[in-house]
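Colleague: Dropping the structure in here first, questions after.
Bear in mind that the values in this text are calculations on the coordinates, not laboratory data. None of these values were measured; they are calculated from a predicted model. Cβ placement follows ideal geometry from the backbone for every residue including glycine, while neighbour counts extend to all protein chains displayed.
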Amino acid sequence: MSVAATVFQYHFQHIPNGIAISRNTRSRQPYNVFSHPSSGHRNLTLATTVPHAFSLSGSGAGAQYSSAGELVDTGRNERKKRIAGVDQDELLDPKHLADPDSCFCEFQGVEIHHKLYEPESRSSDNSLYGQHEAQTPSLELGLPMILLHGFGASVFSWNKVMKRLASLTGSKVLAFDRPAFGLTSRHNTFETQSSDAKPLNPYSMAFSVLATLYFIDFLAAQKAILVGHSAGSLVAVDAYFEAPERIAALILVAPAILAPRAIPKVVDTKGDGSDSNDQGKLRFKLFEILHKFIQYVTQSIIQMMKRMVDMLNSLYKKALLSVLRSAFAVMLVRMIIDKFGVAAVRTAWYDSKKVDEHIIDGYTKPLRTKGWDKALVEFTAAMLAKGESETKPPLSKRLHEISCPVLIVTGDTDRIVPSWNAERLSRAIPHSKLEVIKNCGHLPHEEKVDEFVRVVEKFLQRAFGGLV
């Protein structure tokens, strides 16, 4: 079950009424960083971008006349062009918003934004690490990590821990933006679904799973440790079931997964030898036949009701999907992000006062990309459509099949995915390890960095202590 973790927030400072804005940009030149001849990935580029510089010139007026001679309230128009404080007048290609350490690679027609850190950077510049971090010994696991963000988040969510995890494991650590989030390119699937040969929907769970496995190959590794946060935990677990031989371990942070409820055991009342006379055996046999008959009738009724419910659900989903393909849905998404984006991010923290402008900027940056609103609508539609052609058992009924080492991390004051959900999940996955971080909300890897790295280190030492 997916739970919305964090959404976008305030980005630009308010600009006074009547100030004209002109955008000046400096050139951005991508250059090759490295390639992996063994895996055939040669199109990786590092996008070096200088943030747009804005020159301000003010007329001092809050209103102006249109060409038709009508008085226009520029202040009101300015407010209408903002979503969660982010100007919507001039949206950009995601690559134009890239950080100096941003990378892009193409997978199935989608330009996926990601960041990669290697342990070598630790020795080359110790100033990048804090004092505690520089003293953290490397486990030299030989296993890369892939970090999977939650709903509404992006690679930005992992910024505080990526270098430290690379130093801890002695291996590469990679995080990527799932389609509809961060700086990964947006695609309008509604306009391309008329083709007979339908490509894989980039907003589907299946695409995220395949992209995760693609990055294991990209790192030229046989196996990887997957770290999923909130809804990203679903991607991690689905990737495990897709290719369990490629997943060395799972670390699920504030996992948005509903654990299965306990199934009562069937008690066998036969074979105790207490009823030795024929009359007792006959009564028991008649009771067994009657029980099977009632069970058969009950199951038939249940199956009939289930087919009716499935039919109604299918009709309901089709009607809802048609609504999601309308302009009304885009307007609704924009309104929700505008009204509740700020509150959602602050709610994710135990101490909302620590949500500073840097964090706000990180979560609202994707609102500056072209098509961000339609992409969120299509992501929602893809999640809704999931299951119409589902042939596998529900994920909740397969959790007990997970055999790799599993760490579950939760905050004791998580208001989005309560800690009891993580406790239920730990009981559903055999031999999993549960760690509860005190005075922590939904984002342990952002809010309690030291504690998060320590519990990960302890888990890896226990799971892979014998590796050299």
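Colleague: Grab the beta carbon distance between Lys160 and Leu200, set R0 = 22 Å, and tell me the FRET efficiency rounded to 0.05.
Modeller: Taking R0 as 22 Å, the efficiency between Lys160 and Leu200 is 0.10.
Colleague: Where does each of 429-442, 408-421 land if you order them by average Cβ count within 10 Å, highest first?
Modeller: 408-421, 429-442
Colleague: In addition: Testing the spin-label approximation: label points 7 Å from Cα along Cα→Cβ at Gln461 and Leu332. State their distance in nm.
Modeller: Modelled inter-label distance: 5.1 nm.
Colleague: Additional query: Classify segment 402-460 as rounded, prolate or oblate, taking a ≥ b ≥ c as the square roots of the eigenvalues of its Cα gyration tensor: rounded when a/c is under 1.5, otherwise prolate if a/b is larger than b/c and oblate if not.
Modeller: Since a/c reaches 1.5 but b/c is at least a/b, the shape of segment 402-460 is classed as oblate.
Colleague: Please give the FRET efficiency for Glu90 paired with Phe340, using the beta carbon to beta carbon distance and R0 = 22 Å, rounded to the nearest 0.05.
Modeller: Once the sixth-power term is evaluated, E becomes 0.35.
Colleague: Take the Cα of Asp351, step 7 Å along the line toward its Cβ, and report every residue of segment 412-439 whose backbone nitrogen sits under 12 Å from that point.
Modeller: Inside the label zone: 439.
Colleague: Right, something else. Hey, can you rank 223-235, 201-213, 168-180 by average C-beta count inside 10 Å, highest first?
Modeller: Descending packing order for the listed peptides: 223-235, 168-180, 201-213.
Colleague: Continuing with the same structure: If you take the square roots of the eigenvalues of the alpha-carbon gyration tensor of segment 326-412 and sort them as a ≥ b ≥ c, do you get rounded (a/c under 1.5), prolate (a/b over b/c) or oblate?
Modeller: In terms of gyration-tensor shape, oblate.
Colleague: Let me ask another. For Ser102, enumerate residues with amide H under 5 Å from its amide H, sequence gap 5+ or separate chain, H modeled in the peptide plane.
Modeller: Amide H to amide H, under 5 Å and 5 or more residues apart or across chains, Ser102 pairs with Ala47.
Colleague: Ordered by residue, what ³J(HN,Hα) values in Hz, to whole numbers, does segment 111-116 give under the Karplus form 6.51 cos²θ - 1.76 cosθ + 1.60, where θ = phi - 60° and Gly and Pro are x?
Modeller: Calculated HN-Hα couplings, in order: 7, 8, 7, 8, 10, 9 Hz.
Colleague: Here is a follow-up. How big, on average over all directions, is the shadow cast by the Cα convex hull of segment 213-253, in nm²?
Modeller: 2.5
Colleague: Note down the nm distance, to one decimal, between modelled labels 7 Å out along Cα→Cβ at Val449 and at Glu106.
Modeller: If labels sit at Val449 and Glu106, their model points lie 3.6 nm apart.
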